[in-house]
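Below: the structure, in structure tokens.
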Amino acid sequence: MAQSVVTMDVKGLKEIEAMFRQVPKQVKQYSIWMKFWRLNSKPLVKAAQDQAPIAKKSHLSPRENIDVPKGTLKKSIGFFTTKTSKKYLGAYVGPRVKGAFSKYGKSGWYGAFVEYGSEVMHYGKFKGKNQPYMQRGWDMANKIVLANGMKDAEKIFERVMKSHEKRMQKFGKLGY
């Protein structure tokens, strides 16, 4: 399966990183970056959901024999993190499998079959057709995501600093 790699060249990322480094050590940098990515990924999540195909009818999940209602793939697209992404202060946008979607047979797992249909053998029998909903979503939203980066980083930085200041006034150094 050929993987398309999406890389972002965010102008001002060094400035954002320098700004976040100024935050007092008591405030976890990871939580600030997650707020940043969660806020900035909203247009991408919306665009990918809009582009996700909806099945004509519900279908039986071949993995767990669970009835998966139509539109579940679209609903499963969202922002999420993994152990590895946390290590690098990053996150993902795509079909989720765990949490609320585990009751539908972990329905987000087939998102790659839909995205890369002509490159994946389904049950070793046939290939589908490409329906690159994530790629189309990225093409629609990437300019918005990149443009809002610095503005959103400043908002988050201000909020974090206000929160830190209030906490220090109220509890002093024992507030953390």
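The values are calculated or read from the model by the stated rules, or taken from the named source; none is laboratory data. Everything numeric here is computed off the predicted structure, so don't read it as measured data. In this analysis, Cβ positions are derived from the backbone assuming ideal geometry, glycine residues included, and neighbour counts consider all displayed protein chains. Remember, those area values only see protein heavy atoms, side chains included, never the ligands or the DNA or RNA. Shrake-Rupley method; radii C 1.70, N 1.55, O 1.52, S 1.80 Å.
Here the 3J(HN,Hα) profile of region 34-41, calculated from phi with Karplus coefficients 6.51, -1.76 and 1.60 at θ = phi - 60°, is 5, 4, 4, 5, 4, 5, 6, 8 Hz, Gly and Pro shown as x. Evaluate E = 1/(1 + (r/R0)^6) for Gln29 and Ile54, where r is the Cβ-Cβ distance and R0 equals 41 Å; express this FRET efficiency to the nearest 0.05. According to the calculation, E is roughly 0.60.
Using a probe of 1.4 Å on the protein chains alone, the accessible area found for Arg136 is around 90 Å². Descending by average beta-carbon neighbour count within 10 Å, the peptides 76-82, 152-158 line up as 76-82, 152-158, the highest first.
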